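The values are calculated or read from the model by the stated rules, or taken from the named source; none is laboratory data. Bear in mind that the values here come from a model prediction, so they are computed numbers and not experimental data. Quick reminder, even Gly has a Cβ in these numbers, built from the backbone with ideal geometry, and neighbours come from all protein chains shown. For accessibility, only protein heavy atoms count, side chains too; no ligands or nucleic acids. Shrake-Rupley method; radii C 1.70, N 1.55, O 1.52, S 1.80 Å.
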Amino acid sequence: MKLRNIAIIAHVDHGKTTLVDAMLRQSGSVRENQRVDERVMDSGDIERERGITILAKATSVVWKDTRINIVDTPGHADFGGEVERILNMVDGVVLLVDSAEGPMPQTKFVVGKALKVGLRPIVAINKIDRPDARADEVVNEVFDLFAALDATDEQLDFPILYGSGRDGWMSHDPSGPKELGLAPLFDLILEHVPEPKIEEGPFRMIGTILEANNFLGRIVTGRVLSGSAKPNQTIKVLSQDGTVLETGRISKILAFRGLERQPIDEAVAGDIVAIAGLSKGSVADSFVDPSVNTPLKAQPIDPPTVTMS
Ligand code: GDP
């Protein structure tokens, strides 16, 4: 199956959770009666309390013949390096901006990071149902923001959708949809976001998100850069300086399927997967075939951050 890896970025409350919920429902990835609520994209308090990095969650939907992995990014400036690492894992972003509020501080922060890692955002002017919506002005403000953040010409030439995540539609037409639904958003993602670049060589993945699970232990999520891996396969964990931290076996490989994370029998290049079974290895470490001795280049790790209230 073809793949696209994207992140949805937005200032808090501009409608990320609501939009992802609608994407899951309209792509048939969750049953009508299944509760989506905060579980989809919000990180849990328990993990936060335990001081484990779980600042991002992922989900996926299938549209036509393509699986779209959708990764959440923290909008908060305390997580600068984290945001950059996550954005390095995707090939495109959908920037949601409230049609009345316009760009806000977290919009600026995440857009700056997205532009810096070379992504070409799709801009979605959201909550167009608001009586105080001012879509045209907000588009201009977004353009000015991109320009102020040194966007390239390609990045400035962003496609724009207008819509209401709450009402479940996005359209190229600011005056409203010809047809209700999110098809224009899904189609634009397939068209505008490049396929994941796959490198030659044996299995290599860089750890991007670390979490702990009661049953599976340590789980590391990342994007597979090259090769493939299966459960029970032996892999090596390299730190950024090339030290071998561990050689061990993968117990399970999980992928994001709608709301659930399901075991899969192979991690393939280009996909974003979670690997369990290793006791060391963390964010920014490389998870590689034992024949590989060179670590992958990672974003530097931030100093520990204070727990958000
Ligand atoms: P997040 O913080 O970006 O994940 O935002 P949420 O999806 O939680 O939405 C924040 C608030 O905006 C909630 O009260 C939503 O009901 C509301 N909201 C989300 N999408 C829309 C929309 O399209 N139109 C309007 N009017 N409100 C929306």
Label-zone membership for region 266-285, site Asn213, 7 angstrom Cα→C-beta point, backbone N under 12 Å
273-278
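Mind ranking Ser226, Ser279 by accessible surface for me, highest first, 1.4 Å probe?
On the way: Ser226 0, Ser279 80 Å².
Final ranking, largest accessible area leading: Ser279, Ser226.
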Determine which lysines satisfy two conditions relative to Lys280: a Cα distance under 26 Å, and not lying fewer than 8 residues away in the same chain.
Lys57, Lys230, Lys236, Lys252, Lys297
Excluding residues fewer than 8 positions from Lys64 in its own chain, the lysines with Cα under 23 Å of it are Lys2, Lys16, Lys178, Lys197
The ³J(HN,Hα) series, computed from each phi in region 174-182 with the Karplus coefficients 6.51, -1.76 and 1.60 at θ = phi - 60°, rounded to the nearest Hz and given as x for glycine or proline, is x, 7, x, x, 7, 9, 5, x, 9
Scan around Arg257 for amide H atoms under 5 Å from its own, H built in the peptide plane at 1.01 Å from N, and keep only partners 5 or more places away or cross-chain.
Ser60, Gln262
Test of understanding: in a Gaussian network model of the chain with alpha carbons linked when under 10 Å, which of Arg130, Arg218, Arg166 would top the mean-square fluctuation ranking?
Arg130
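Kindly provide the GluC sites (Glu not before Pro) of region 176-214 that DSSP labels as loop, not H, G, I, E or B, and whose Cβ sees at most 16 other Cβ atoms within 10 Å.
On the way: sites: Glu179, Glu191, Glu199, Glu200, Glu211; in loops: Glu179, Glu200.
In loop regions of region 176-214 (DSSP not H, G, I, E or B), the sparsely surrounded GluC sites (Glu not before Pro) are Glu179, Glu200.
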Relative contact order for the chain using alpha-carbon pairs under 8 Å, separation at least 6, rounded to a whole percent?
18 percent
How many percent of all Cα-Cα pairs in region 62-142 sit more than 15 Å apart?
60 percent
Summing -39500 (n - 2.57) over the DSSP H runs of n ≥ 4 in the chain and dividing by its residue number, what mean residue ellipticity at 222 nm do you reach, to the nearest 500 deg cm²/dmol?
-6000 deg cm²/dmol
How do Phe158, Phe186, Phe215, Phe143 rank by accessible surface area computed with a 1.4 Å probe, from largest to smallest?
Phe215, Phe143, Phe158, Phe186
Build a GNM of the chain with springs between Cα atoms under 10 Å: which of Gly201, Gly165, Gly281 gets the top mean-square fluctuation?
Gly201
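Give, in nm to one decimal, the length gained when the segment between Lys64 and Arg249 is fully stretched (0.36 nm per residue of separation minus the Cα-Cα distance).
So the chain would gain 63.1 nm between Lys64 and Arg249.
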